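For reference, the structure is listed below as structure tokens.
The values are calculated or read from the model by the stated rules, or taken from the named source; none is laboratory data. None of the values given here were measured: they were computed from a predicted structure. A quick note on method: Cβ atoms are made from the backbone with ideal geometry, for glycine too, and the neighbour counts reach across all protein chains shown. Protein only, heavy atoms only, side chains kept; ligands, DNA and RNA dropped before computing areas. Shrake-Rupley method; radii C 1.70, N 1.55, O 1.52, S 1.80 Å.
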Amino acid sequence: MRFKQLKDVLDYLINAHQQMSEYYTQLSDTVLQQRVKLILDYLAEHENHISNELLQYEKDAPYGVLNAWFQDIQDDPLLLKLEQPPSPDLSEEQVMRIALELDDRLISLYEQLASHCKSSAARDALENLLDQEKQRKKRFVLSMLRMHDL
């Protein structure tokens, strides 16, 4: 996918988080372990919430920020991970690896976009979204570690 304007990026990210939510729901419907199902349900809800936050951000963002242009952006394979078939034997560790890999891909995408952004206002917006994504990742890891200790 080639991004053109920040609005295109946000539309892609909204869609990506919705698809991630659907993917986690699909995995939750197939797993056998109740604890893994709870983690996947949490992730599905979490991704849906992020999608809604980004949608609201897009509605509230200034016109000039949304229309900032990007050049030389590489195709992003983020959603290719979601094509893996679900397994009923999925473990907590496997779920965590999947979630962290997707988070890392999102973080990488935000970093790439921010580094190629000519508009300082749009770059600031992307860096803010990047910081939020990094914080969400940290909270997820801490939550998983606490859950593992139970």
Per-region count, the range 122-146, residues open to solvent by 50 Å² or more (accessible area, probe 1.4 Å) and more than 17 Å from the chain's Cα centre (by Cα):
5
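Here is a check on your reading of the model: is VAL36 of a type in the set (A, V, I, L, M) and in contact with a strand residue (DSSP E or B) (Cβ under 8 Å, 6 or more places away or on another chain)?
no
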All-but-one check, SER87 against (1) among the small types (Gly, Ala, Ser); (2) open to solvent by 10 Å² or more (accessible area, probe 1.4 Å); (3) modelled with pLDDT of 90 or more, failing number (3)
